[in-house]
Amino acid sequence: MSCLVLQREKLMAYGVVPDRIFSDTRQKKRDNQIGLRNYLKALRAQSTLIVLTLDRLGDHTLDIVELGGVFCVARPV
């Protein structure tokens, strides 16, 4: 059984609905990260992102830093 299948099964065992699980499999160095893009479209307040390792979010540190801006939300004081 693949690592991805095991991860999906574990998430579903914790109650995550399968259509709310987004994943990417890298076929090439510069893949489109369709799963990540779909997650960002579905992102709502109180959403949770689970990432096995940070390198799954981007090829370079700058990619990951830029993506971090998506998760920073200004809150009124």
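Every read-out reported here was derived from the displayed coordinates using simple, explicitly stated rules and does not represent laboratory data. Given the structure is predicted, the values throughout are model-derived calculations rather than measurements. Don't worry about glycine lacking a Cβ; one is built from the backbone with ideal geometry, like all the others, and counts go over all protein chains shown.
For the chain, what relative contact order do you get, as a whole percent, if you take Cα pairs closer than 8 Å and at least 6 residues apart?
On the way: 24 pairs, mean separation 12.3, N = 77.
Relative contact order for the chain comes out at 16 percent.
Give me the number: length gained by fully extending Leu11 to Asp59, i.e. 0.36 nm times residue separation minus the C-alpha to C-alpha distance, one decimal in nm. List each step's numbers first, then the result.
Details: separation 48, 0.36 × 48 = 17.28 nm, distance 2.52 nm.
So the extension gain works out to 14.8 nm.
Could you give the length gained by full extension between Glu66 and Met1, i.e. 0.36 nm per residue of separation minus their alpha carbon distance, to one decimal place? Walk me through the intermediate numbers first.
Working: separation 65, 0.36 × 65 = 23.40 nm, distance 3.39 nm.
Taking Glu66 through Met1 to full extension adds about 20.0 nm, to one decimal.
Using a 7 Å offset from the Cα along the Cα-to-Cβ direction at both Ile21 and Arg37, what is the distance between the two label points in nm, to one decimal?
2.3 nm
May I ask you to order 42-55, 11-24 by the average number of other C-beta atoms within 10 Å around their residues, highest value first?
Numbers: 42-55: 8.9, 11-24: 11.5.
Top to bottom by mean Cβ count within 10 Å: 11-24, 42-55.
Over the chain, what portion of Cα pair distances is larger than 20 Å, expressed as a whole percent?
38 percent
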